[in-house]
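Step one of this worksheet: look at the structure below.
Bear in mind that the values in this text are calculations on the coordinates, not laboratory data. Remember, it's a predicted structure, so these values are computed and weren't measured experimentally. Here the Cβ is made from the backbone with ideal geometry for all residues, glycine too, and neighbour counts use every protein chain on show.
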């Protein structure tokens, strides 16, 4: 460890409380990107990040607007750079400042936007996904500036988006249109989790996704089920029929052609996954909590969640959802349906297959409209580059154990764009834990991992420099 | 027509505008019985009716509270009587002052609780179901009092409930426990519709119903569909599987034993139904508006909606129903499912069959809870009594055409209680129209029918007296 590295780590350790307090302030902003009524909060969060990047010494700090005719009401990107480490490589740091909706609110122990510490964890919507992890980058940079007389050991660009939870159209557009402004040697993304506590983890593959809505329209207007039951089509029943024809009871997707181009994991990968400390029954009890796990027979849980496509229903708006009874046959109902995709599926082809399938199985008496809400490519990143070595060494120094290579079941659409458009390796070095309740009530970030993440990133920057 | 009848009709005709204005005032009260936040409005509506019954000359006017330990937050009954027509029979007039929820609000042309006249119709939630029809009774009584020097030609009891739209537990309890206070010779219910415009109609049968909720629980908490998709059970998918196993694509209910005890309509009834002015294609276009009608093959629309049981889904609360995308696998989801029952099914047996069926078909990985929200018996009323003759004569005098006998697809639970507990014939003499949008946006009452209803009831009271 160089003297500068040690000084940066010392700085980070001596400012832990402040770092957490700052993160809490950011978590208090309900920057829910999918809800139009929170657009002001999303911008407020962006401006807070801009202010902090300026304060710590980053340059060219600015908001980049993403609203276009095709993409109305876009949330801004935050950009910053520091490019004075002449002979050193350039790291592109990515994160997002937007968060998921917090519903159902009554299942939170403490309110989602009042960050609360309990048992070494910080509870809040966005604590780990991704404000807390994004803040690790900012605080690692601050520590390095402070310990190095206002300089960084490497060149750094920071690009932080506000639309990750709604598909990331704005950043995708920017990367495609202005990739030249993002020239870098490696991208660092902290938006994933460790496989287990104390087990440093690099994520080397992600599922893609298509998020859709199927709207089913039956009668012209809502009808009384007493008077019209037996003659009027019921959109919810039609949706139930469609859903059961899209996925069978074993979890196998029935869309024609859907599995045709899938590239399975390598034998080496499957062998390494088998060696991971994973107990299916423990996972069922502690993480899922359902009476049984579901999914395709013949595949392990890790294969099913990392390397197999899936289809889920997220909500079915329409009709009467209040307490009590309303005997309505609704004129329309919607199913919010998403599919996770794996290499080498493409969102465009998967959506075309899905749309054709839904249209072909729609029952008589109703009309269906299939909408694509957003999508992301599945990706696998390469591990044969020196930055992977720097990352694993950095984490080994902090955690004392070897890094494991895993995949993630979720989507980080921008990683595909980095790989495809910028043609640079991407390190998904995340510090969440499997029980951090992403996208769910009581989201948390284990504060020890917040601090270990900052130290790992400091060490990574110092090692990349060499 | 006697002099008194003519005078009462003259009174009603000369006060038409006031009668409509009074009805509008009642319609402005959002007495939605299923929504706890409207409990005060429900009571306000009840008190308005009490005040009016007192004003016109009814006696013993009072609210009867229905709240008990088993039935918390009950809405009050309105009771009144006038029992001084010594040798004449006693008519029990029934109506309800509660209404359905008004959602979806954005499909109303004018707001549901701002009654508005357009093209001879009065638009408002509750206009025809049932405030407007209940008001016909009150206004007929007022006209008779006014024309007869403060007397009625018959004895009258009035019983008006505030829980018809939520199953009518309160009135059922009162009829069972205090039937002696309701001694009458015939019940008059105006809560049904005419088969076609200008076609006076008596409804002689009603489907029963059970309204249920199926709650499906999978994971302990909401989960991220990227991380857990492929392992965690999806409650909406489970509900879709359950729904498709309850009813097949032809509309046939698959619950074992469900059809076993059904008593079909008589050959005479089926023949009379075939003679009714009913055009299936016209009905599809003007009333339903869907690309096709659905339901069991081999049965006419009238049979399917009057004399066959059905199963409908009214709403599926749970998960994410906002705009945009949330990639959640919800911990639980609910389906609001009701079944219409026909003679001789019973709600108790049908619910037991249904519950056992749902529990037996619940897919692996989830737990199901089946709840009965409310229920009502199917009924067929007798037509071989003098009151039917008085009613058909009264309507013939007003409309100039013969009365048709139909059934209704909906439920009026109290009719079963009148038949069973009070052992009196019940006349369902309603003046709604098929396109009145009951339980739907833009509910209306054709004002000509409001006035013809008042005159028919005046004449009916005078004929019964004889």
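Once each part is reduced to its C-alpha centroid, what is the distance from segment A:406-434 to segment B:260-287 in angstrom?
Computed from Cα coordinates, the inter-centre distance equals 62 Å.
Please give the Cα centre distance for segment B:135-177 versus segment A:168-235, rounded to the nearest Å.
56
Quick one: Cα centre-to-centre distance for segment A:311-387 and segment B:319-351, in angstrom?
20
In peptide A:301-314, what is the residue-averaged number of other protein chain Cβ atoms found within 10 Å of each Cβ?
The shielding value for this peptide is 6.
Determine the percent antiparallel among the DSSP beta bridges restricted to chain A, to the nearest 5.
Approximately 70 percent, going by the DSSP bridge assignments.
At 7 Å along Cα-to-Cβ for each site, give me the label-to-label distance between residue B:196 and residue B:181 in nm.
4.5
Rounding to the nearest 10 and keeping the result within 0 to 90°, find how far the Cα-based axis of helix A:447-465 lies from the longest principal axis of chain A.
Relative to chain A, helix A:447-465 is tipped by roughly 60 degrees.
Shortest first, in nm, what separates the label point of residue A:249 from those of the same position in the other copies (7 Å along Cα→Cβ)?
1.8
Roughly what angle does helix A:235-246 make with the longest principal axis of chain A, taking Cα atoms, 0 to 90 degrees, to the nearest 10?
Helix A:235-246 sits at roughly 60 degrees to that axis.
Please order B:66, B:327, B:383 by the number of other Cβ within 10 Å, starting at the fewest.
B:383, B:66, B:327
Have a look at the DSSP beta bridges in the protein assembly as shown and tell me what percent are antiparallel, nearest 5.
Just about 70 percent of them are antiparallel.
Inter-copy label distances at residue A:359, 7 Å along the Cα→beta-carbon direction, one decimal in nm, shortest first?
4.5
Label-point separation (nm) for residue B:59 and residue A:270, each offset 7 Å from Cα along Cα-to-Cβ?
9.1
Based on the mean of other beta carbon atoms within 10 Å per residue, what is the order of A:349-361, A:420-432, most packed first?
My ranking of the peptides, most packed first, is A:420-432, A:349-361.
Enter the mean number of other protein chain beta carbons within 10 Å of the beta carbon of each residue in B:251-257, as an integer.
1
On C-alpha positions alone, give me the angle between the axis of helix B:347-361 and the longest principal axis of chain B, in degrees, nearest 10.
With both axes taken from Cα atoms, the answer is about 10 degrees.
I'd like the mean, over residues of B:5-17, of how many other protein chain beta carbons sit within 10 Å of each residue's own Cβ.
Counting Cβ atoms of other protein chains within 10 Å of each residue's Cβ and averaging gives 0.
Below 8 Å between Cα atoms, with a sequence gap of 6+, how large is the relative contact order for segment A:298-363 in percent?
34
When only Cα pairs under 8 Å and 6 or more residues apart are kept, what is the percent relative contact order across chain B?
Result for chain B is 25 percent.
Could you list A:270, B:27, A:206, B:293 in order of exposure, starting from the residue whose Cβ has the fewest other Cβ atoms within 10 Å?
Going from least to most buried by this count: A:270, B:293, B:27, A:206.
Relative contact order, percent, of segment A:116-173 when contacts are C-alpha pairs under 8 Å separated by at least 6 residues?
13
Label-to-label distances across copies for residue A:400, with labels 7 Å out along Cα→Cβ, in nm, shortest first?
Spelled out, the distances from residue A:400's label point are 10.1 nm.
Would you mind calculating the gained length between residue B:67 and residue B:348 on full extension (0.36 nm times residue separation, minus the Cα-Cα distance), in nm to one decimal?
98.8 nm
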